[in-house]
Amino acid sequence: MTGQIETSLCHIAKFAPFEDISGASHFPIYNTGTFNLKKQTGDKIYDYTRSDNPTREVLENLFTHVEGGAGCVCTHTGIACVSLLFETVLKANSHILVEADCYGGTFRLLKIFKEKYNITVHFANFLEFDNLEKILSSNPIDLVLCESPTNPGLKIIDLEKVANLSHKYNALFAVDNSLATFISQRPLELGADFSLFSTTKYISGHGSVVAGAIVAKTKELSDQVHYYANAHGRSQNPMDVFLISLGIPTLKIRMKEHEKNSILIAKFLEEQDYIVKVTHPALPTHPQYELAKKQMEFIPGVFCADFKTLELAEKFIENTKIFGEKCSFGSPDSRVEIPAKISHASFSKEELAAIGIAEGTVRFSIGLESVEDLIEDIKQAVK
């Protein structure tokens, strides 16, 4: 299917591996464990849902198309696609270079791979290119991994520059695209070898399911990802595929609204005397503001605000009536969390400080409610 991405997202059934005989607008859910081999003809034969499933293949074909890749695997959780990336690329004693401001679940997973497989993990600030090149030139790096925007620090990484640097030293480059999503930013077009993302968040949009996906740039890498997904049982079940697909057609509309609402809330907070700093890539005060505008079509509705004290931040969260104290982002409901307590509880104080997260930092994920209602909720919560 050609044309704009949003058109593809509205016609998901066109990415089905075969034509439904009834012409269903939504491709059927093949919620089965096994398939009868005697009933099938053609090049593609299904036997066991862990290996392949027609319903899941619809979503995998769609993600492959919109990301501009060669193949995709949909996984049963977001962190499963990160684990699948590591299982595909890394071996015992491998070296990996990771942006220090990474998702807490990724950080925890890296610790496990380090302990079990003697993986050497090099953490670095991906804004410091001289240091990146120094690490790449002096270590046998197999994989380079970052998010952009980073979570929760919200740095914007120059993906094209990092891709070129990685390939100069024969390392594969993977981007966690969970915050931006493919409607805003396409890492493979910027030189990455893998684009992976949690579909739990903006892509599903409803917060009703956990899932992920990884798209590979080449057929060779795609074949490897599929092999390890089958071997390790990483694949998503058909019912969850269906739930994810319900939110996909409205992704662009929702991202625009999340962006608009979050900017208004962030600007309001910037004016409050109990806030030390607001970090939002859509604001001119952000250090990578120009790169954010260049690299992303829409800025995600997630930002951080540093309260003057931890006590004030905790009081604010305790007193809010609309904002829930919840992890994750990308749902219709607005939510807040203190990263040091929830998403990045596995980080030490020193590791948090290194990525710019203070004890009074609150991460906001702005939903689709009335901005006026959200501002009034903030006002009453800090009285």
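A few remarks follow.
- For region 319-383, with +1 on Lys and Arg beta carbons and -1 on Asp and Glu, the positive-most of Pro332, Gln380, Ala358 along the dipole: Ala358
- Between Ile29 and Glu189, the contour length at 0.36 nm per residue exceeds the Cα-Cα span by 54.4 nm.
- Anchor Lys321: lysines whose Cα lies under 24 Å away (excluding residues fewer than 8 positions away in-chain): Lys201, Lys260, Lys267, Lys277, Lys308, Lys341, Lys379, Lys383
- Remark: region 251-381 carries a charge dipole of roughly 400 debye about the Cα centre, counting +1 on each Lys and Arg Cβ and -1 on each Asp and Glu Cβ.
- The overall shape of region 150-203 is prolate: from the C-alpha gyration tensor, with semi-axes ordered a ≥ b ≥ c, the ratio a/c is 1.5 or greater and a/b exceeds b/c.
- For region 236-260 versus region 1-27, the gap between their alpha-carbon centres in whole angstrom: 15 Å
- For region 83-203, the spherically averaged projection of the C-alpha convex hull amounts to 6.7 nm².
- Region 262-321 versus region 36-61: alpha-carbon centroid distance in Å: 46 Å
- Count Lys and Arg as plus one, Asp and Glu as minus one, and take only other residues whose Cβ is under 11 Å from that of Phe129; the net charge is then -2.
- Cα-based helix-to-principal-axis angle, 251-270 vs the chain, degrees rounded to 10: 10 degrees
- All Cα pairs of region 251-381, percent lying beyond 22 Å: 33 percent
- Think of the chain as having a plus end and a minus end, set by charges on the Cβ of Lys, Arg, Asp and Glu; of Ser204, Ser262, Phe316, Ser204 sits farthest toward the positive end of this dipole.
- Over region 1-148, the reciprocal of the mean inverse Cα-Cα separation, the Kirkwood hydrodynamic radius, stands at 18.4 Å.
- Helix 54-67 axis, angle to the chain major axis (alpha carbon atoms, nearest 10°): 60 degrees
- Derived scalar couplings between HN and Hα for region 338-344 equal 9, x, 5, 9, 10, 5, 10 Hz in order, rounded to whole Hz, by the Karplus curve 6.51 cos²θ - 1.76 cosθ + 1.60 (θ = phi - 60°), x for Gly and Pro.
- Cα centroid of region 172-189 to Cα centroid of region 134-154, whole Å: 14 Å
- Value at 222 nm in deg cm²/dmol, rounded to 500, when DSSP H runs of n ≥ 4 in the chain each add -39,500 (n - 2.57): -11500 deg cm²/dmol
- Net charge dipole size for the chain [Lys, Arg +1 and Asp, Glu -1 on Cβ; Debye, nearest 20]: 540 debye
- For the peptides 142-155, 75-88, the ranking by mean Cβ contacts within 10 Å, running from highest to lowest, is 142-155, 75-88.
- Estimated at 0.36 nm per residue, the fully extended path between Thr285 and Ser138 surpasses their Cα-Cα distance by 49.4 nm.
Every read-out reported here was derived from the displayed coordinates using simple, explicitly stated rules and does not represent laboratory data. These figures come from a predicted structure and were not determined experimentally. Positions of Cβ are backbone-derived with ideal geometry, glycine not excepted, and every protein chain shown enters the neighbour counts.
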